[in-house]
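Following: one structure in structure tokens, then a few remarks.
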Amino acid sequence: MEEKNDKKIPRRAMLKAAALSATTALMGGVKVPDPVKTGVIPDPTKVQGAVPGKLGTRSPFEQPIKKASEISGRTPLQDLYGIITPSDLHFERSHAGVPLIDPQKYELLIHGMVERPTVFTLKDLKRFPALSRIAFIECSGNFRTGKETMTPQEICGLTSQSEWTGVMLSTLFREVGASPKATWFLAEGSDAAVMTRSIPMEKGWKDAMIAYAQNGEAIRPEQGYPARLFLPGWEGNMNIKWIRRIEVSDQPFMTREETSKYTETIKDHKIRQFSFDMDARSIITYPSYPQEVEKGWIEIRGIAWSGRGKIDRVEISTDGGKHWNNAVLQEPVLDKAHTFFRYLWRWDGNPAEIMSRAVDDTGYRQPFMKQLIDARGSDMGGYHLNPVTAWLIERDGKVLFKPEKRK
Amino acid sequence: MKGISSRALVWGLLLYACHTPDTPARFGFGRPASQAEIDSQNISIRPDGAGLPAGSGNFAAGRSIFQAKCASCHGPTGAEPTPNRLVAAFGDTVKAKTIGNYWPYATTIFDYIRRAMPFNAPGSLTNEEVYHLTAFLLCSNKIIDSTTVIDARSLPRIVMPAKQYYVNDDRKGGNEVK
């Protein structure tokens, strides 16, 4: 509608004023209490709603938040209904905080065993043919246990999923003429840790990506703005964020993050290195602590994923592991991606123990903690732990985590 | 060919060709990197010593730098039970994973300190300081004695005690837990 008459109040301003007075603003100098806080919500069919804004908002009644520590922020898995993690809820882990990088000054250098050492600006990277892929990224230290009052977010919230868009690393390798003799490359970030990892060239040629977009918009700073390495299915730390340099080589560099960290002690004092693949796992996100359930029909829900391929099936037990039945997998079931599962269950009101177990298309079945201890020894490190996790449902409907014992 | 006629196949290929113009061998995007540019960014050090700069370091000089620039977080000797304990010799009965009992390569010490430490002023140390600190940490972990000079030649030759325990990942998926 056009607003030709200066003396009339423009329609937009009127609408805005109406909306404001309907919610929180001033009415004759009296401050109206915030309806969300007071719980006194006016009939929404009797007042004008808020006018369109520049950014969308969450309902004030929904407040999913990351659980943050000094070094990481965990995704609230229990608050999500699908396989895409809203970008602002994507987990984060950094070793020296989130750097502020000017996209105009950003450059990626590729050198070493290449014919043409080259510098790419962000604009250059975006000119190449692009590809999008939905897949998870998970920190390899993604398991916590210890008490009954733990949420899925606290147990394994260091996994999230986005649609990543960028240029395939193979395209860039061809562009710079990477040597066929090269076997490893170093990826380096431009954060204050100048984070580095060595990665086999094979992965670089196969499915590695330099991603600059996440869920359709520029990648978030916490996820590596303006560009990061994305290695589908491989441990999170290797997906170098804020990537500034790639050095093509014929041996691994043995950086601190692939020796002192991100290695795990296994049996006979051995230390396992280059544990890249994320093993298959799953978690029930509903019902979970601190939710409460009622007797009757319950749709058990959760996510399953594997760094090696697709989820083949998710098995559910509602009697502490005695019997197992397949859950229904929600499409799409993607390669190296969080897959949503559902299982209809009629709870009779007696105490119960429910759990899920993922099987991927290599035939790998998510182990119990005891199997992991048997395989790796009780001194096994904290990386790559993917045990079956169980929830205890008490007679009163309270749901508690069943803590796994590490010994 | 069974099932699918060769005519259909030819049509399919033609259609495919129409929709996917040949990808060029190169796009010509980006600009050549000069050697000076590469050298200014390339700070990585390999286990064979490639990348180590000129200079050398010793225990005594390293100890005073450590006390001035590192002790506030890692303790005066590095052996204090801090969250990031640096010193415990191989065979000591401590749970902490340290340079002495866990690190497989000595070159990593130089590389990591130069790129990331001190945590509150990363990238602020000179190469000489990093060599001294490397010598101090190696000696404190009982890997070299206090008279050994650490430089680009000697550092990659040090055999770290934990190296013997490192094995490559052999998990392959399938029907086994490893």
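The values are calculated or read from the model by the stated rules, or taken from the named source; none is laboratory data. Keep in mind that this is a model prediction, so the values were computed, not measured. Please note: Cβ atoms are built from the backbone with ideal geometry, for glycine as well, and neighbour counts cover all protein chains shown. SASA here: full protein model, heavy atoms, side chains in, ligands and nucleic acids out. Shrake-Rupley method; radii C 1.70, N 1.55, O 1.52, S 1.80 Å.
Counting heavy atoms of the protein chains alone, A:R245 has an accessible area of about 0 Å² for a 1.4 Å probe. Helix B:59-69 and the longest principal axis of the C-alpha atoms of chain B enclose an angle of approximately 80°.
Checking every one of the trypsin sites (Lys or Arg not before Pro) in the stretch A:37-95 against DSSP loop status and a limit of 12 other Cβ atoms within 10 Å picks out A:K46, A:K54, A:R58. Across chain A, the longest piece that holds none of the chymotrypsin sites (Phe, Trp or Tyr not before Pro) lying in DSSP loops with up to 12 other C-beta atoms within 10 Å covers A:82-407.
Pairs from the table (A:K123/A:K203; A:K67/B:K69; A:K123/A:K241; A:K203/B:K163; A:K46/A:K295) lying more than 29 angstrom apart at Cα are A:K67/B:K69; A:K46/A:K295. A simple rule links phi to the HN-Hα coupling: the Karplus curve 6.51 cos²θ - 1.76 cosθ + 1.60 with θ = phi - 60°, which for the stretch A:245-253 gives 8, 10, 10, 7, 8, 10, 7, x, 8 Hz, with x for Gly and Pro.
Along each principal axis, taking the top coordinate minus the bottom one, the Cα set of the stretch A:82-263 gives 57, 35, 28 Å in descending order. Considering only A:P129, A:W324, A:G56, and ranking their Cα positions along the charge dipole of chain A that arises from unit charges at the beta-carbon of Lys, Arg, Asp and Glu, the one farthest toward the positive end is A:G56. Note on chain A: with a GNM built from Cα contacts shorter than 10 Å, the maximum mean-square fluctuation among A:G381, A:G53, A:G157 falls on A:G53. Volume of the convex hull of the stretch B:45-165 (Cα atoms only), normalised per residue: 93 Å³. Calculated accessible area for the stretch A:281-401 comes out at 40 Å² per residue, all protein chains present (probe 1.4 Å; ligands, DNA, RNA ignored). Taking the charge dipole of the stretch A:82-263 about its Cα centre, with +1 at Lys and Arg Cβ atoms and -1 at Asp and Glu Cβ atoms, the residue from A:A213, A:L172, A:W234 reaching farthest to the positive side is A:L172. Heavy-atom surface analysis with a 1.4 Å probe gives chain A a carbon and sulfur content of 53 percent of its accessible area.
Taking amide hydrogens as modeled 1.01 Å from N in the peptide plane, which residues meet the under 5 Å criterion relative to A:D312, leaving out close sequence neighbours? So A:D312 has HN proximity to A:V359, A:D360, A:D361.
Our summary of shape: the Cα atoms of the stretch A:164-314 have principal axis extents of 63, 48, 33 Å, ordered from largest down, in whole angstrom.
Springs between Cα atoms under 10 Å define the GNM used for chain B, and in it the highest mean-square fluctuation of B:Q164, B:Q35, B:Q67 occurs at B:Q35.
Under 5 Å between amide hydrogens, built in the peptide plane, is the criterion, and for A:A135 it picks out A:S162, A:W164 among residues at least 5 positions away or on other chains. Can you compute the FRET efficiency between A:D102 and A:V51 using 1/(1 + (r/R0)^6), with r the Cβ-Cβ distance and R0 = 35 Å? Round to the nearest 0.05. The computed FRET efficiency comes out at 0.55. Among A:E294, A:E188, A:E163, the residue with the largest mean-square fluctuation in a Gaussian network model of chain A, with springs joining Cα atoms closer than 10 Å, is A:E294. Distance between the C-alpha centres of the stretch B:77-116 and the stretch A:113-187: 29 Å, rounded to the whole angstrom.
Among the trypsin sites (Lys or Arg not before Pro) in the stretch B:131-171, those placed in a DSSP loop whose Cβ has at most 16 other Cβ atoms within 10 Å are B:K142, B:R153. Interface B-A: total buried accessible area of about 4500 Å², 1.4 Å probe, protein heavy atoms only. 3J(HN,Hα) couplings calculated from phi for the stretch B:77-85 with the Karplus curve 6.51 cos²θ - 1.76 cosθ + 1.60 (θ = phi - 60°) are, in sequence order, 10, x, 9, 5, x, 7, x, 10, 5 Hz; Gly and Pro show x. The alpha-carbon of A:K54 sits under 20 angstrom from the alpha-carbons of these lysines, leaving out residues fewer than 8 places away in its chain: A:K16.
Placing a label point 7 Å from the Cα of A:Q371 along the Cα-to-Cβ direction, the residues of the stretch A:306-329 whose backbone N falls under 12 Å from that point are A:315. A cut-off under 15 angstrom between Cβ atoms defines the neighbours of A:I65, and their net charge, with Lys, Arg +1 and Asp, Glu -1, is -2.
Size descriptors for the stretch B:116-178 (Cα atoms only): Rg and Dmax, in that order, 17.6, 53 Å. Given +1 at the Cβ of Lys and Arg, -1 at the Cβ of Asp and Glu and no other charges, the dipole of the protein assembly as shown around its Cα centre is 500 debye to the nearest 20. Projecting the Cα atoms of A:M195, A:S275, A:T265 onto the charge dipole of the stretch A:120-279 (Cβ charges, centred on the Cα centre) puts A:M195 farthest toward the positive pole.
Taking amide H positions as modeled 1.01 Å from N, with prolines and chain starts lacking one, the residues under 5 Å from A:I246 and 5 or more places away or on another chain are A:L109, A:I110, A:H111. Debye-formula intensities of the protein assembly as shown, expressed as log10 I(q)/I(0) at q = 0.06, 0.07, 0.10 Å⁻¹, are -0.40, -0.54, -0.99 (one equal scatterer per alpha-carbon, no solvent).
A Förster radius of 35 Å, combined with the Cβ-Cβ distance separating A:E353 from A:S378, puts the computed FRET efficiency at roughly 0.90.
Between A:S69 and B:D145, the simple label model (points 7 Å from Cα in the Cβ direction) yields a spacing of 4.3 nm. Ligands, DNA and RNA are left out, and with a 1.4 angstrom probe the accessible area of the stretch B:48-87 is 50 Å² per residue. You can think of it this way: the chain between A:K261 and A:I84 has 60.8 nm of extra reach, that is 0.36 nm per residue less the Cα-Cα gap. Within the stretch A:149-229, the trypsin sites (Lys or Arg not before Pro) that combine a DSSP coil assignment with at most 16 other C-beta atoms in a 10 angstrom radius are A:K181.
Converting phi to 3J(HN,Hα) with the Karplus coefficients 6.51, -1.76 and 1.60 and the offset θ = phi - 60°, the stretch A:86-92 yields x, 3, 7, 10, 4, 4, 9 Hz in sequence order, with x at every glycine or proline. The convex hull around the C-alpha trace of the stretch A:365-407, projected and averaged over every direction, spans 3.6 square nanometres. Using a cutoff of 8 angstrom between alpha carbon atoms and counting only pairs six or more residues apart, the relative contact order for chain A works out to 14 percent.
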